[in-house]
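Visitor: My questions all concern the structure below.
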Amino acid sequence: MVIHICLEWRKIAFCQCLNILDILFSVPKKFCTQTPRQSSDAWSLQTMKASREEKIYLRQKHRRTDVGTHNLHLLKKMEISVAEAEKRTGKNAVNMQETYTVYLIEMRPVDAASEGTNPVPDSLWRRYSEFELLRNYLLVTYPFLVVPPLPEKRAEFVWHKLSADNMDPDFVERRRVGLENFLLRVASHPDLSTDKIFYSFLTEENGWKETVFETGFQAKADSRLKALNATFRVKNPDKRFAEMKHYGDELQSVISQLLRVRARAADRLYGVYKVHGNYGRVFSEWSAIEKEMGDGLQSAGHHMDAYAASVDDILEEEEHYADQMKEYLFYADALRAVCRKHELTQYELEMAAQDLTSKKQQREELATGTIRTFSLKGVTSKLFGQETPEQREAKLKMLETQIEEGEELVKERNAECEEFVKSAWVDIERFKEQKDHDLREALISYAIMQISMCKKGIQVWNNAKECFSKM
Amino acid sequence: MSAGTPRSLASSGQKSIQDICHPLSAEESALSRIPDVLNPGSAGERDLILPNGTPVDTSSPASSSSLLNRLQLDDDLDGETRDEQKYNITTEFDLPEYSVRRRYQDFDWLRNKLEESQPTHLIPTTRTEFDLPEYSVRRRYQDFDWLRNKLEESQPTHLIPPLPEKFVMKGVVDRFSEEFVETRRKALDKFLKRVADHPVLSFNEHFNAFLSAKDLNKRQGLALLTKMGESVKYVTGGYKVRARPVEFAAMGDYLDLFTQKLGTIDRIAQRIIKEQSEFLMELREYGPVYSSWSSFEEDLHDPLEGVSGCVSNCSSALEELTEDMSEDFLPVLREYVLYIESMKNVLKKRDQVQAEYETKLEAVVFREDKKTPVPSDVEKCQDRVECFNADLKADWDRWENNKRQDFRQLLTGMSNKNILYYEKCLAAWESLIPLLQDKQEAKGETN
């Protein structure tokens, strides 16, 4: 079953999104009283998807208008979606049977949708590991960009009802949304969207992996990753980047804490609502032994049941908020990676400069015959006699070449550094704006969620009160 | 009813409560102590005048209930030793006010006396309704207990309202904490109101003595002895009732089931309170996270602070809800369980009275050959059974009605508290939305 939500994005203004969210929240949902997530219930699944996908599309639309007209990035031409997930079994690298999930990526030209025609979209299947590969490639190839993160590999910050199992249908569904989000973010990025590997990820099912490996990015990756993990002291880092790195650390820490406490609170809230369900049962039993009071009690009991059941939807919505926060938790990591990369380039520049300086010094010493710096060579030459003039000439010549090369290297690295700082800072500024906008949106939708929850609560208790008053 | 400004309360002297006649009885000796306070202005509609010239208001309802409409039970902690906590009972009348101090023991005494002196038909022959002086008495829990026992003794056929639990585990509950005293005070207040509402119990001499006498001289020792003789008849008869009327059997069954349900509801309510408290704990940690986040954000500073404030408001609202449920909902529920226990006891007593009658009747029947007329004590037994049944039925109906009202009120109250909680949270979040959206519109304009 392929589910598409093709909204005409031009028709939906952003300020109306709140209305839509309102409508979505007031749609009566079927309550599952047994297990909270009966994903086999097609209707509720559809509603789930609808609400999330609509939000994604709205975000998509906003991003398009955000970026400006000078970017011919992908999303202006194509609509991208991760429509579906499926289980597959196959042989893995070590020739063992394994079960994994694949996701259907669809691409549809924007114009076709607006014209009302509905051509068959280009589509292919990808698994999570291929997404990872794509992202690693992007990380290595564009180290100066804040690369959008993938949804988490394993479920973290779970509250007790959520399954941590990767095969769990709810986890798969949330991952599907996260992967779509990732593709949309890349596709709306002014630089990343033009990448060929990215484009072929979306269009060439077979042979894409080989193409990626052919770029040789992994070789670059290894050395650079190694460097990134190493500790090194930078003398003159760009202050802004140092601040950004610090900000990234703080953001990561605070969002982790937020998600942890939220998960615990969700657990407790679940308990509060569910225990009220017991009222339903006891009121029903009690009504059986009452005469006039019976009817009122019985119907009040039903409302208590409804109240208990309502928590499932409430917490499901909150998971979406948690996912939004998680994205920025991982974004913080990407931000820090850029900062560290700057440190690395700066470090290499400083190393090259240091090396050049010392070589120049050596040359000077050799030329003037004075030994300013202590060196073993100096000591040994003192002890065992000086070198011959020919030897000295040879050394000087070598040094000269080295110094020349060194100066070239420093120039190169300096340019690299400057280039890096320039491009990275542009992207960081872009990221800052995106973050402020997205997080504000997330908080608004969170507040709307809470409002809806309160309204539902008032309604249920008013209903119960009416029944009690008829007792 | 009472004419305007409250006057200072005159003490009824050092007389023991048993020696005091109830002001309602028209004994000269008692009323002669009352200073002459004529209030011609308010005597407009009044026709009846007491012998000493005090005006009478016939339009007022039964004295004791109106008496207790103005009943104020204040707990009094000052100047008392820990064991001597007394309750102030203020009753308003038009005549000079009496102030007596009662301890719980005094209430106990009253109760026992009420039980003792029970005629099955208790409507007094003279019942003049008039405004009575205001009484302010201080009573301890023991006094209430005494009153209740006396009431049970004197009106065994009637359902005596229950008292809050007498024994509380010293280590577990702080008997002098504000909440505990307040909860108890409310329950004791309810007890007195219920007694006052009862058409029979409200006229019990012990009850009125309890309300007015300075010191309850309960003479528990003697009372106990005199009680023994009578109670033995009721309790240790060891008779088994044979033909329990269906309606009383049904009552017993109902009460058993009802007790069960109330117990379940109590447990559920406690569990909810517990879960809410734990949720509250998490919320108290959750809100500040947003605050600390806002400290290193620029654009997002205000929205994040706003969310933090919202969460904090919701936390306070939740705390209030939980407190309310603890203090108002649970005690009332528990008191009803005690009420049911009393009712069950009355049913048991009824069974015993009937059993006694049946046994006596059997004995007589076996002696048919003697051709003696039915002895008077068997007749008395039969009378007793019939009276008991009648009283009990009437009381049961009244109890059912009260129960319905009480629970309607209780559950509606619970709903209201929850509604109030959600309304507070709703207001908090709704006020946040414009704050969150504000910057965006401003930003859009500057772009």
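Visitor: Of the residues B:Val378, B:Val385, B:Val365, which single one is modelled with pLDDT of 85 or more and in a helix (DSSP H, G or I)?
Guide: Exactly one of B:Val378, B:Val385, B:Val365 is modelled with pLDDT of 85 or more and in a helix (DSSP H, G or I), namely B:Val385.
Visitor: Right, something else. Conditions first: (1) more than 7 Å from chain A (Cβ to nearest Cβ); (2) closer than 22 Å to A:Ser445 by Cβ. B:Arg267 passes all but one, so which condition is the exception?
Guide: (2)
Visitor: Can you name the residue in segment A:248-265 that is within 9 Å of chain B (Cβ to nearest Cβ) and buried (at least 18 other Cβ atoms within 10 Å of the Cβ) and is also farthest from A:Phe157 (Cα to Cα) among such residues?
Guide: A:Leu251
Visitor: Still on this structure, I have one more. Could you run through segment B:181-224 and say how many residues are in a helix (DSSP H, G or I) and at pLDDT below 75?
Guide: The number of residues fulfilling the criteria is 6.
Visitor: Could you tell me which numbered condition B:Ala250 fails, if it satisfies all but one of (1) closer than 27 Å to B:Lys150 by Cα; (2) of a type in the set (Gly, Ala, Ser); (3) modelled with pLDDT of 85 or more?
Guide: With (1) closer than 27 Å to B:Lys150 by Cα; (2) of a type in the set (Gly, Ala, Ser); (3) modelled with pLDDT of 85 or more applied to B:Ala250, the lone miss is (1).
Visitor: Assuming B:Val241 fulfils every condition listed in (1) under 28 Å from A:Val282 (Cα atoms); (2) more than 10 Å from chain A (Cβ to nearest Cβ) apart from one, which condition is it?
Guide: Answer for B:Val241: the failing condition is (1).
Visitor: Moving to a separate point now. Scan (1) more than 7 Å from every other protein chain (Cβ to nearest Cβ); (2) touching a Leu at 6+ places or on another chain (Cβ under 6 Å) for the single condition B:Pro288 breaks and write down its number.
Guide: Single failed check for B:Pro288: (2).
Visitor: Determine which member of the set A:Lys411, A:Lys359 is at pLDDT below 95 and under 39 Å from the mean Cα position of the chain (by Cα).
Guide: Step by step, each of A:Lys411, A:Lys359 is checked, and only A:Lys411 is at pLDDT below 95 and under 39 Å from the mean Cα position of the chain (by Cα).
Visitor: Something else now. Only one residue in B:Arg244, B:Arg267 is among the basic types (Lys, Arg) and either surrounded by 15 or more Cβ atoms within 10 Å (Cβ to Cβ) or not in a helix (DSSP H, G or I) (or both). Which one?
Guide: Just one listed residue meets the conditions, B:Arg244.
Visitor: Report, by residue number, each residue of segment A:462-471 that is within 8 Å of another protein chain (Cβ to nearest Cβ) and either surrounded by fewer than 19 Cβ atoms within 10 Å (Cβ to Cβ) or out of contact with any Leu (no Cβ under 6 Å at 6 or more places or on another chain) (or both).
Guide: A:Asn462, A:Ala464, A:Lys465, A:Ser469, A:Met471
Visitor: Let me ask something else about it. If only one of B:Leu257, B:Leu338, B:Leu283 is more than 8 Å from chain A (Cβ to nearest Cβ) and either not in a helix (DSSP H, G or I) or not hydroxyl-bearing (Ser, Thr, Tyr) (or both), which one is it?
Guide: The match here is B:Leu338.
Visitor: Give A:Ile403, A:Ile458, A:Ile428 a once-over and let me know the one that is touching a Lys or Arg at 6+ places or on another chain (Cβ under 6 Å) and either assigned to a helix (DSSP H, G or I) or not acidic (Asp, Glu) (or both).
Guide: A:Ile403
Residues checked against (1) in contact (Cβ under 8 Å) with a residue 12 or more places away in the chain; (2) at the interface with chain B (Cβ under 9 Å from one of its Cβ atoms); (3) not polar (S, T, N, Q):
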site: A:Pro237; (1), (2), (3): yes, no, yes
site: A:Leu269; (1), (2), (3): yes, yes, yes
site: A:Glu292; (1), (2), (3): yes, yes, yes
site: A:Ser310; (1), (2), (3): yes, no, no
site: A:Ala332; (1), (2), (3): yes, no, yes
site: A:Thr345; (1), (2), (3): yes, no, no
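Visitor: Related question: Give the number of residues within segment A:286-304 that are of a type in the set (Gly, Ala, Ser) and assigned to a loop (DSSP other than H, G, I, E, B).
Guide: 1
Visitor: Taking the condition assigned to a helix (DSSP H, G or I), at pLDDT 90 or above and buried (at least 17 other Cβ atoms within 10 Å of the Cβ), does A:Ala334 pass?
Guide: Yes; evaluated as a whole, the condition is true for this residue.
Visitor: Does segment A:207-216 include one or more residues that are buried (at least 20 other Cβ atoms within 10 Å of the Cβ) and over 19 Å from the mean Cα position of the chain (by Cα)?
Guide: Within segment A:207-216, none of the residues are buried (at least 20 other Cβ atoms within 10 Å of the Cβ) and over 19 Å from the mean Cα position of the chain (by Cα).
Visitor: Need the failing condition index for B:Ser326 against (1) free of Cβ contacts under 8 Å to residues at least 24 places away in the same chain; (2) more than 23 Å from A:Ile448 (Cα to Cα), just the number.
Guide: Among (1) free of Cβ contacts under 8 Å to residues at least 24 places away in the same chain; (2) more than 23 Å from A:Ile448 (Cα to Cα), the lone unmet condition for B:Ser326 is (1).
Visitor: Okay, next question. Based on this model, can you work out whether B:Glu282 counts as among the charged types (D, E, K, R), in contact with a Lys or Arg (Cβ under 8 Å, 6 or more places away or on another chain) and at pLDDT 95 or above?
Guide: Yes, satisfied.
A quick yes/no check of all residues on (1) under 22 Å from A:Lys291 (Cα atoms); (2) more than 9 Å from chain A (Cβ to nearest Cβ):
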residue: B:Ser376; (1), (2): no, yes
residue: B:Gln382; (1), (2): no, yes
residue: B:Val385; (1), (2): no, yes
residue: B:Ala390; (1), (2): yes, yes
residue: B:Asp397; (1), (2): yes, yes
residue: B:Glu400; (1), (2): yes, no
residue: B:Asp406; (1), (2): yes, yes
residue: B:Leu420; (1), (2): no, yes
residue: B:Cys425; (1), (2): no, no
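Visitor: Only one of A:Ala306, A:Ala300 is within 12 Å of another protein chain (Cβ to nearest Cβ), in contact (Cβ under 8 Å) with a residue 24 or more places away in the chain and out of contact with any Lys or Arg (no Cβ under 6 Å at 6 or more places or on another chain); which?
Guide: A:Ala300
Visitor: With the requirement that a residue be among the acidic types (Asp, Glu), more than 18 Å from the chain's Cα centre (by Cα) and in a helix (DSSP H, G or I), what does segment A:229-278 give you?
Guide: Of everything in segment A:229-278, those that are among the acidic types (Asp, Glu), more than 18 Å from the chain's Cα centre (by Cα) and in a helix (DSSP H, G or I) turn out to be A:Glu243, A:Asp267.
Visitor: Answer yes or no: is there a residue in segment A:429-452 that is over 23 Å from the mean Cα position of the chain (by Cα) and away from chain B (no Cβ under 14 Å).
Guide: no
Visitor: Residue under question is A:Gln459, and the condition is that it be surrounded by 12 or more Cβ atoms within 10 Å (Cβ to Cβ), in contact with a Phe, Trp or Tyr (Cβ under 6 Å, 6 or more places away or on another chain) and either at the interface with chain B (Cβ under 9 Å from one of its Cβ atoms) or at pLDDT 90 or above (or both); does it hold?
Guide: Against the criterion (surrounded by 12 or more Cβ atoms within 10 Å (Cβ to Cβ), in contact with a Phe, Trp or Tyr (Cβ under 6 Å, 6 or more places away or on another chain) and either at the interface with chain B (Cβ under 9 Å from one of its Cβ atoms) or at pLDDT 90 or above (or both)), A:Gln459 does not qualify.
The values are calculated or read from the model by the stated rules, or taken from the named source; none is laboratory data. Nothing here was measured: the structure is a model prediction, and the numbers come from that model. Backbone-built Cβ (ideal geometry, glycine too); neighbour counts: all protein chains shown.
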